[in-house]
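Structure record follows, encoded as structure tokens.
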Amino acid sequence: MRGHDWINTCLPDELILEILRRLDSKSSHDACSLVCKRWLGLERLSRSTLRIGASGSPDIFIKFLAQRFVNVKAVHIDERLSISLPVTAGKRRRRDENSLLSLKIHFAGERNEPKEEECEPFCLTDSGLTAVADGFAKLEKLSLIWCSNVTSFGVMSLAQKCSLLKSLDLQGCYVGDQGLAVVGQCCKQLEDLNLRFCESLTDSGLVTLATECGKSLKSLGVAACARITDKSLEAVGSHCKNLDTLSLDSEFISNKGILAIAQGCPLLKVLKLQCINVTDRALMAVGASCLSLEMLALYSFQQFTDEGLRSIGKGCKKLKNLTLSDCNFLGDRGLEAIATGCTELTHLEVNGCHNIGTIGLESVGKSCPYVYLLLLSSAANFLRGQESRLWSVARRLTELALLYCQRVGNFALTEVGRGCKYLQALHLVDCSSIGDEAICSIAKGCRNLKKLHIRRCYE
């Protein structure tokens, strides 16, 4: 109200801070910080998360941010994001802010004549990571995406000063065994660790980490780490009893490593594997031991058959989400076992599995009434000429996606419109035989539809 301040004169700092903490977007935080000097200071205290681009001299930039936002618990630094340059330096800006502006413009000018030796100032370095450790004492979550100039020395400094760290994402960082070992020794509350594309790591670093802080670790991701082998997974299986999420993409992992995980991590809920040397034996161990498994994703498996998937169907009764991609030796019997045994299944994705046919999907439709059925390009082959047979058993679908199914005609979606009253989402991509008649049937019959995606369906 004009002439009256009914907020600042009545509300204490603690209450305004509580209100600011409940804001749900960065734009709202920014707007509140512009109201007055008091709100600017309180808004800075309420910030718990920062997202920072790793270009434009991030080492210096982080030091300025740490002075302003002292209660930050989560920091995300992404090499792919750039720091926007402020346009003006107002009268109220402090001397250090003007210095920062000059520094940024200086670096921006250098970019006009790029040279290899000048690339480094625009990337986060160990110095910047040390600034993170010094400035954010309450840090619990740190994400470094493709910060390739960060080495073990920076990670060691971080771990020694940020013992409350619970989540660490080192994707694409050139971090060695020494840095990872210190993380294990200092960060005893670490729960989430992502080591995707950390090419310099070996078994030595991961084994030490698992030994030192394995009791707290719940989630682990490893991909494109050529020197991480079954030895690391054996250590994880021995020391990480509370692990519930594991993502592996490696051609150097074999049955031995997966067996160690299955036997040592009974609480596992999410398992994603792209390991070409893993066979039915590993899946049998998962089915026998991982009774809490809720999500299983298998990519590019060339050595397992229906026998392995039957073990999953027999043992993993809580499975809700199954992804099968390019599993060439998997057929209808394996999928039937999943449908019969995993009655809580809600999401099924089949992509490039040429031997899965209508019989397998029929069993899913009969046994899993609310399944999300995703059929990708190669799955279109077994739909030809069998539309009515498939759709007659898929009457309780909530989400249906047809991608590159060019021989699925109007009649198929007419049946969906008649029977699938619970359908909420429909995705049609490159379905050249589907036309207006089908969409009209969907509109009339599927009154619960919330999402419709149509692409390259020219009829």
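The values are calculated or read from the model by the stated rules, or taken from the named source; none is laboratory data. Remember, it's a predicted structure, so these values are computed and weren't measured experimentally. When we count neighbours, we look across all protein chains shown, and the Cβ atoms used for this are built from the backbone with ideal geometry, even at glycine. The protein model used for the area step is the full one, side chains on, heavy atoms only, and it has no ligands, DNA or RNA in it. Shrake-Rupley method; radii C 1.70, N 1.55, O 1.52, S 1.80 Å.
Report, in listed order, any pair from LYS269/LYS320; LYS272/LYS450; LYS73/LYS269; LYS141/LYS161 with a Cα-Cα distance greater than 20 Å. Each step should come with its number before you reach the end.
Working: LYS269/LYS320 10 Å; LYS272/LYS450 30 Å; LYS73/LYS269 27 Å; LYS141/LYS161 13 Å.
Flagged as over cut-off: LYS272/LYS450; LYS73/LYS269.
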Simple spin-label estimate for LEU15/LEU267, 7 Å along Cα→Cβ, in nm, reads 4.1
Sorted on mean Cβ neighbours within 10 Å (highest first), peptides 420-426, 204-210 come out as 204-210, 420-426
For the range 159-309 the mean separation of alpha carbon contacts under 8 Å (6+ apart) over residue count, i.e. relative contact order in percent, is 17
Taking Lys and Arg as +1 and Asp and Glu as -1, residues besides GLN189 with C-beta under 9 Å from its C-beta add up to 0
The size of the Cβ-based charge dipole (Lys, Arg +1; Asp, Glu -1) of the range 213-331 about the Cα centre, to the nearest 20 debye, is 480
If each part is reduced to its alpha-carbon centroid, the range 406-458 and the range 251-302 end up apart, in Å, by 37
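In debye, nearest 20, what is the charge dipole magnitude of the range 127-267 about its Cα centre with +1 on Lys and Arg Cβ and -1 on Asp and Glu Cβ, if you could check?
Magnitude of the dipole: close to 340 debye.
Under a point-charge model restricted to the Cβ atoms of Lys and Arg (+1) and Asp and Glu (-1), what is the dipole moment magnitude of the range 266-355 relative to its Cα centre, in debye to the nearest 20?
On the way: 9 positive and 9 negative charges, 68 e Å.
It works out to roughly 320 debye.
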In nm, the gap between the two label points placed 7 Å beyond Cα toward Cβ at HIS453 and VAL70 is 4.6
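Just the accessible area per residue of the range 9-64, please: how many Å² with a 1.4 Å probe? The partial results should precede the final answer.
Details: 3180 Å² over 56 residues.
Ligands and nucleic acids excluded, the result is 57 Å² per residue.
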Charge tally for neighbours of SER152 with beta carbon under 14 Å away, counting Lys, Arg as +1 and Asp, Glu as -1, is -3
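Could you give the length gained on full extension between GLU307 and SER204, defined as 0.36 nm per residue of separation minus the Cα-Cα distance, in nm? Before the final figure, lay out the partial values.
Values: separation 103, 0.36 × 103 = 37.08 nm, distance 3.49 nm.
Net length gain for the segment: 33.6 nm.
Tally Lys and Arg at +1 and Asp and Glu at -1 over the other residues with C-beta under 13 Å from the C-beta of LEU164: what net charge comes out? Write out the running numbers ahead of the final one.
Numbers: positive: LYS73, LYS138, LYS141, LYS161, LYS166, LYS188; negative: GLU140, GLU191.
Result for the local shell: +4.
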